[in-house]
Each structure stands twice: as C-alpha cells, then as structure tokens.
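Written out below as structure tokens is the structure these notes cover.
The values are calculated or read from the model by the stated rules, or taken from the named source; none is laboratory data. Everything quoted here is computed from the prediction, not taken from an experiment. Cβ sites come from the backbone with ideal geometry, for glycine too, and all protein chains shown count toward neighbours. Note: areas computed on protein heavy atoms with side chains; ligands, DNA, RNA excluded. Shrake-Rupley method; radii C 1.70, N 1.55, O 1.52, S 1.80 Å.
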Amino acid sequence: MDIFYDEIFPVSVFSFFRENDDLNKELLKNIYKIRETEESLMRSNKGGFHSPVNLNKRNIECFDRLENELLYTANNSILEQNFPKFSKLKCNEMTGMWFILNKLNNYNVMHTHSRAWLSGVYYVKLPKEQKNYIHFEDPITIRKYYNITPTQYVKEVQENMIILFPGWLPHKVPENTVDEERIVISFNLEFPV
C-alpha cells in the first residue's frame, strides 16, 4: 500500500543576519534619545519601554536606512524566492516601526500583528549573560487539545539577526532574567501590490 504525505498549511519564519556595521551605534543613540524624551506605549510589553510606532516616518537616517534594507530583502529575497506566484508584486510600505527596550524582569505577552503581511524583529542589543529567544505559538488552537504535534516553536536569537514571520502568527518574548538591556526594533510590512 502506498501512503502519501501532504504537509498542508505550513507557516514560514524567515531569519537572516544583516552586516555588522555602524548602523547599530546610530540606532542606539537615537533609541536612547527617544526613550529620554517620549512616553512609553503600553502594548504587549510588561515593563520596559515601547516607542511610538512611527520611527520609519520621522526622517531619521538610521531608521530610514534599516527600513530600506528590510523592504529590499522582503521584495528581492522573500517574495521572489518563496512566493513565486507573487514575484511580480512589491511590498512598497512599512506600516510601522518601533523599538522595545526591556530590562530586568520585563517581557512581552503573546500577541499578533493582524493587519501586517509580514512582521519582523531586528535584534540590536541582547543580554550577554542569558540566552535570548522568541516564542511562536501554533495559531490552530484545537491542536493543543490533542497533544500530537508541538504547539510552540522557540527560536534562539542573536544580535544583528532579523526574523520575519506572518503578522497573524502569535508570538511572545520571555522575561529578561538579567540586569542587561534587550533592545529590538519591530516592524510591519504591508501586503504586496
């Protein structure tokens, strides 16, 4: 008897590293300036600082540069190589960019970015005294009751790493257990047109 296996409804999570150059220094300088002069938002963060979501609209060179790199990668690597049906389309806009600065005992609860095609995280600065992770959860909740397949995927992250994933994929960040800053820049990409 022949048995055929079809994997249906897979979820892709993309990760890659950007070049280690002086961009992080400029990002950190502007991140600390914004933290000192603006109010933190309360979103998925428990503690820590969540910046306004318009960093890509402020005409700050380092954020603009990162936005351009991310859009280029989304269009010329992710779309072309992984979505051949849409290879003639382009993602023209980043609909939001913000940073999250977590200190000791800060974390981010499970959440989604429902109106984004892809969401992403760029790891600017991570604690050296602990391993750092992002947790993804299976969006098909019924599978949790059967205990047949894993319902969480935990990915270890590193500085200069970028992770892209569907905006509807639930994710969280575990508690920072050391007295060092964890600084990430998160963003949402618009649907390709």
Task: Within a Gaussian network of the chain (alpha carbon springs, distance under 10 Å), most fluctuating of E180, E80, E19 - done: E19
Open item on the list: Tell me the accessible surface of R18 in square angstrom (1.4 angstrom probe, heavy atoms of protein chains only), to the nearest ten.
Closed with: 20 Å²
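Top to bottom by accessible area (1.4 Å), largest first, where do R182, R65 land?
So, going from the largest accessible area down, we get R65, R182.
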Open item on the list: Order D2, D138 by their accessible area, 1.4 angstrom probe, all chains in place, largest first.
Closed with: D2, D138
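Suppose a student asked you for the relative contact order of the chain, using Cα pairs under 8 Å spaced at least 6 residues apart; what percent would you report? Display every interim value, and only then the final one.
On the way: 359 pairs, mean separation 59.3, N = 193.
Relative contact order of the chain: 31 percent.
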Task: Dipole of the chain, positive end: most advanced residue of V184, A116, I8 [Cβ charges, Cα centre] - done: A116
Task: Proximal charge balance of V154 [Cβ under 13 Å; K/R count +1, D/E count -1] - done: 0
Task: Share of carbon and sulfur in the accessible heavy-atom surface of the stretch 1-91 [1.4 Å probe, %] - done: 52 percent
- [ ] Would you tally the net charge around E190, using a Cβ to Cβ cut-off of less than 14 Å, leaving E190 out, and scoring K and R as +1, D and E as -1?
- [x] +1
Open item on the list: Please give the charge dipole size of the chain, origin at the Cα centre, charges +1 on K and R Cβ atoms and -1 on D and E Cβ atoms. Round to the nearest 20 debye.
Closed with: 400 debye
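Can you pull out the GluC sites (Glu not before Pro) in the stretch 25-65 whose DSSP state is coil and whose Cβ has at most 15 other Cβ atoms within 10 Å?
The qualifying sites are E38, E39.
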Open item on the list: Need one word for the stretch 62-164: rounded, prolate or oblate. Basis is the Cα gyration tensor (sqrt eigenvalues a ≥ b ≥ c); a/c below 1.5 gives rounded, then a/b vs b/c decides.
Closed with: oblate
TODO: For n ≥ 4 DSSP H runs only, could you compute -39500 (n - 2.57) per run for the chain, divide by its residues and tell me the 222 nm figure to the nearest 500?
DONE: -5000 deg cm²/dmol
- [ ] Give K88/K155; K57/K172; K103/K155; K25/K103; K33/K57; K90/K125 a once-over and call out the pairs whose C-alpha atoms are over 23 Å from each other.
- [x] K88/K155; K57/K172; K90/K125
TODO: Take the chain, connect every pair of alpha-carbon atoms lying under 10 Å apart with a spring to form a Gaussian network, then pick out the residue of Y32, Y153, Y145 with the largest mean-square fluctuation.
DONE: Y145
Open item on the list: Which one, N45, N105, N59, has the greatest fluctuation when you compute a Gaussian network model over the chain with C-alpha springs under 10 angstrom?
Closed with: N59
